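For reference, the structure is listed below as structure tokens.
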Amino acid sequence: MARVTVTLYATFREAAGRSTLSIEADELEGLLGKLRASSTALAKAFEKAGGWVVLVNGKNARLERRELVDGDEVAVFPPVTGG
């Protein structure tokens, strides 16, 4: 298991009650599952958002089996909307 730092933004940060977490996960999809399972409020925020933007070490990440390594920095944003 890799230990990674997760930074949450906007409604995800508000739902979690903090902006950063340290989580162990082997891959990105599993990490997002752990985030959703960590609190009811955060699970509801993910459901309401209907999607998310994820960066790993500052680069846009695809969710399909993205492996994580110790020290990775993961940023999670709700979808960007506006006009």
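A few comments on the model shown:
- When residues in region 37-83 are screened for being free of Cβ contacts under 8 Å to residues at least 60 places away in the same chain, in a strand (DSSP E or B) and in contact with a Phe, Trp or Tyr (Cβ under 7 Å, 6 or more places away or on another chain), 1 of them pass.
- Looking at Arg65, Arg18, Arg13, Arg36, just one residue is among the basic types (Lys, Arg) and either at positive phi or more than 13 Å from the chain's Cα centre (by Cα) (or both), and that residue is Arg65.
- Of residues in region 68-81 being surrounded by 11 or more Cβ atoms within 10 Å (Cβ to Cβ) and out of contact with any helix residue (DSSP H, G or I) (no Cβ under 7 Å at 6 or more places or on another chain), the one farthest from Leu8 (Cα to Cα): Val69
- A search for C-beta distances below 6 Å between a residue of region 7-24 that is touching a residue at least 12 places away in the same chain (Cβ under 8 Å) and any residue that is of a type in the set (Phe, Trp, Tyr), counting only pairs 6+ apart in sequence or on different chains, returns Tyr9/Phe77.
- Val6 being surrounded by 11 or more Cβ atoms within 10 Å (Cβ to Cβ), modelled with pLDDT of 95 or more, at negative phi and not small (Gly, Ala, Ser): yes
The values are calculated or read from the model by the stated rules, or taken from the named source; none is laboratory data. Everything numeric here is computed off the predicted structure, so don't read it as measured data. Cβ: placed from backbone, ideal geometry, glycine included. Neighbour counts: every protein chain shown.
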